[in-house]
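The values are calculated or read from the model by the stated rules, or taken from the named source; none is laboratory data. Remember, predicted model here, so these are calculated numbers, not experimental data. Neighbour counts run over all protein chains shown; Cβ positions are idealised from the backbone, glycine included.
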Amino acid sequence: MRGLSQARNILCSKDDVPQSPAMYSMEQEKAVITAAEKFMLETMARYDPSHDAYHVQRVRKTALQIAKNVSPPPDMLVVELAALLHDVLDKKYVSAEDAADPYKFFLPFFESMTSQYGVDFVKDGRGRLITQVIDNVSWSTEKELKMKGLYTKWHAECVELHCVQDADRLDAIGAFGIMRCAAYTSVTNKQAATTCTSLWSNTYLPPSALYAPIGDPKQPNSAIQHFHDKLLNIRDRLKTEHGKRLGTKRHQVLLDFIDAIEEEYIFSESVPPKAD
């Protein structure tokens, strides 16, 4: 499973990555970023709107904004490239074989950057770090690593990872997060909102019937359940100070949305069914 591969379990520490990474000219960096954009667009063209190029662009901009507010600053080139490529190998859209070894998958791209622009991501260690970040951004990956005792010091301390993670998670909440949740709900043919019991019950059900605790066999397979399982927990698991500040406002958008859903649900429950 992606997230528990041997490559992830033997993560390099900060000491394995050059402390003074190679410096490239502005023109070289711009050329590499443009190439990464093109690679991302071509690879993700078939992905649905919940994980499209517009999502990637928002994550990229937010990750860079977060990185600029971190002291000491992280490797900005690593942050930008990892953000641009973070969903290329999303396991919802690619084969298990491709997702199993991100470094192997991206190696031809890194090598082409050396031959075309003189930027050697293999030699300077950035290629390994970029793919480690990509391979560890996922919420579910982090959750499983912690559950299996595989969450390492690197996971807890890698600033480049935290910048991209926070940016990706911030795009899962707030107004864009709600739209993305709706888009993925549609693509996967889930219910937007349903109850833990029969749809046609004439018994009044409180708003709490729209979701159930994790592990409850009566959990609805719905977008609203996803809010309670994941989205409403994101704010408290952001890692950077700037990310946390951004998360506070976006979390409130989720709460307001849930309040509106429950208010409309209560109204619909108060309307008596039509007589036969």
(request) Could you look through the range 188-206, keep only residues that are surrounded by 14 or more Cβ atoms within 10 Å (Cβ to Cβ) and modelled with pLDDT of 65 or more, and pick out the one that is nearest to VAL253 (Cα to Cα)? (result) ALA193
(request) May I ask you to list the residues in the range 67-96 that are touching a helix residue (DSSP H, G or I) at 6+ places or on another chain (Cβ under 9 Å), over 14 Å from VAL32 (Cβ atoms) and not in a loop (DSSP other than H, G, I, E, B)? (result) ALA67, LYS68
(message) Whether any residue in the range 160-168 is part of a loop (DSSP other than H, G, I, E, B), touching a His at 6+ places or on another chain (Cβ under 7 Å), β-branched (Val, Ile, Thr) and at pLDDT 95 or above is what I want to check.
(response) no
(message) So, in the range 209-259, how many residues would count as being part of a helix (DSSP H, G or I), at pLDDT below 90 and of a type in the set (Gly, Ala, Ser)?
(response) 2
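What number of residues in the range 126-156 are farther than 30 Å from PHE257 by Cα and crowded, with 22+ Cβ neighbours inside 10 Å?
The total comes to 9.
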(message) All but one of (1) aromatic (Phe, Trp, Tyr); (2) over 17 Å from LEU41 (Cβ atoms); (3) out of contact with any Gly (no Cβ under 8 Å at 6 or more places or on another chain) hold for TYR93; state the number of the condition that does not hold.
(response) (2)
(request) Test ALA183 against the stated conditions and say whether it is in a helix (DSSP H, G or I), without any contact (Cβ under 8 Å) to a residue 12 or more places away in the chain and either touching a Ser or Thr at 6+ places or on another chain (Cβ under 6 Å) or exposed (fewer than 15 other Cβ atoms within 10 Å of the Cβ) (or both). (result) no
(request) Go through the range 143-152 and count every residue that is touching a residue at least 40 places away in the same chain (Cβ under 8 Å) and either closer than 18 Å to ALA82 by Cβ or part of a helix (DSSP H, G or I) (or both). (result) 3
(message) Here is a list: TYR151, TYR184, TYR103, TYR117. Which entry is of a type in the set (Ser, Thr, Tyr), out of contact with any Cys (no Cβ under 8 Å at 6 or more places or on another chain), under 29 Å from GLY247 (Cα atoms) and modelled with pLDDT of 95 or more?
(response) TYR151
(request) Only residues that are more than 16 Å from GLU80 (Cα to Cα) and touching a residue at least 24 places away in the same chain (Cβ under 8 Å): list them for the range 115-141, please. (result) GLN116, TYR117, GLY118, ASP120, LYS123, ASP124, SER138, TRP139, SER140, THR141
(request) Report yes if VAL159 is surrounded by 15 or more Cβ atoms within 10 Å (Cβ to Cβ) and farther than 26 Å from LYS239 by Cα, otherwise no. (result) no
